[in-house]
Amino acid sequence: MRARDGWIAGASTADQLAVRRHNLAVVMDHLRLSGPMSRARIAAETGLNKATVSSLVAELGERGLVAEGETERGAVGRPGLVIELDTTVHVSLGAEISVDYLSVLAMNLRGDAVAERRIALDASRLSPEEILARLAELIRDVLGDLADGTTVVGLTVAIPGLVESVSGIVHAAPNLGWREVRVADLLHELLDDPGIAILLDNEANLAALAELDLRGTDAPDEFILLMGGVGIGGGLVTAGQLLRGACGFAGEVGHLQVTPSGETCRCGRRGCWETVIGLHALLALAAGADDVVRDPSVDLDERLGELRARAERGDRRTLDAIATITAALVSGAGTLLNIFNPRLLVLGGYFAVLSPWIEPGLREALHREVFAPKSGGCRIEFSGLGYSAAVRGGAVQAASAVFDNPSAFPLTPLVRTVQEVGPA
Ligand SMILES: [Zn+2]
């Protein structure tokens, strides 16, 4: 959408305020996607006139959303100060409830992580209330790591299952053993009503958002993310938007039935894709029941690091396990490529950790599996975000409150409580 200039003769005050709100969002979004730049360049690239841009930037500055940075280099003519997103005032929070861990991340408006914590967890042994109490504690720890005076704009929690984002209810998360859990309400209570919006979303959807955010203006419009964990999550992006389906439940690729007479899945059905390529399937193939890589009390990074080390040493059982998983990965991914013809397939979670052993077989076999020539022009990449993808995506989604409606954030610069309160 092209930006429109500030004040239009004959338009009502309400129209003019709506245009102003829209233009504030245009400037914020442009800085987010394209990085710091001068007022003149913002004007040239958004189509807004220079006087309007100056006025919008002044207002965004008063709201603590942008700041003046270093002089722009390489510009023709007189160098000017660049405008950049203010990284000192607002942060958004992402959290993730996984089968193996809990994590929380605080991100500034530029997308840098400013505080992050993660703890190992064996979700199968704990009730939803116990898990949420631990998550609330972890959120408090991250808030404690932030500079005084920081304002939190929202929290989005990633869940491995079917969620209703607006009401904050998890309908079903089979790998957590959850049904109908009112996560947002419980977190509001546990955090003593923190005065911020708490939203939920599916973890693979949020991981896909993080991948798109990372790629900025280079993000493809047709894109599939597959997250390899205990469950297999899918984030499907078509025409530049997450495909959510009629009720928001799209993307449950882990429950594609691939072996009708196969193992019973945690969802109650038989032979789901995640029963053959989920983390537990990999670990059961790669190691005995009392092996450290199968101990849920040990941090997942450590366990996967050990598996990588075994693959590097050429351990036969580990390499055979990865080859078996790769073959089953190809058959499901081929189906998805045949249906969606994405420009890019990103593999995250444990697939990325084991990419040196998965990638060679995967590329070649996918070419055979997909009907269109050369996999329909689909590139394959492995995520560089590790197990932070969903939690980063949560913070990206929570930050959209600022980018979609900058005028909702306070006009008066926030008072730095460090001087007001002084030492305790
Ligand atoms: Zn299933």
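A few comments on the model shown:
- Scope region 173-202; condition over 20 Å from the mean Cα position of the chain (by Cα) and within 16 Å of the ligand (Cβ to nearest atom); matching residues: Pro174, Gly177, Trp178, Arg179
- Selection status of Leu85, farther than 30 Å from Val27 by Cβ and of a type in the set (A, V, I, L, M, F, W, C): no
- Scanning region 227-283 for residues that are part of a strand (DSSP E or B), within 9 Å of the ligand (Cβ to nearest atom) and under 21 Å from the mean Cα position of the chain (by Cα) yields no hits at all.
- Pairs meeting the criteria (first residue in region 245-265 and within 19 Å of Ile159 (Cα to Cα) and touching a residue at least 60 places away in the same chain (Cβ under 8 Å), second residue away from the ligand (no atom under 14 Å from the Cβ) and part of a loop (DSSP other than H, G, I, E, B), beta carbons under 7 Å, at least 6 apart or on different chains) are Gly248/Ser165.
- The requirement of being in contact (Cβ under 8 Å) with a residue 24 or more places away in the chain, surrounded by fewer than 16 Cβ atoms within 10 Å (Cβ to Cβ) and aromatic (Phe, Trp, Tyr) is satisfied by Phe371.
Just so you know, all these numbers are worked out from the coordinates, no wet-lab data involved. None of these values were measured; they are calculated from a predicted model. Positions of Cβ are generated from backbone atoms using ideal geometry, with glycine treated the same way; all protein chains shown enter the neighbour counts.
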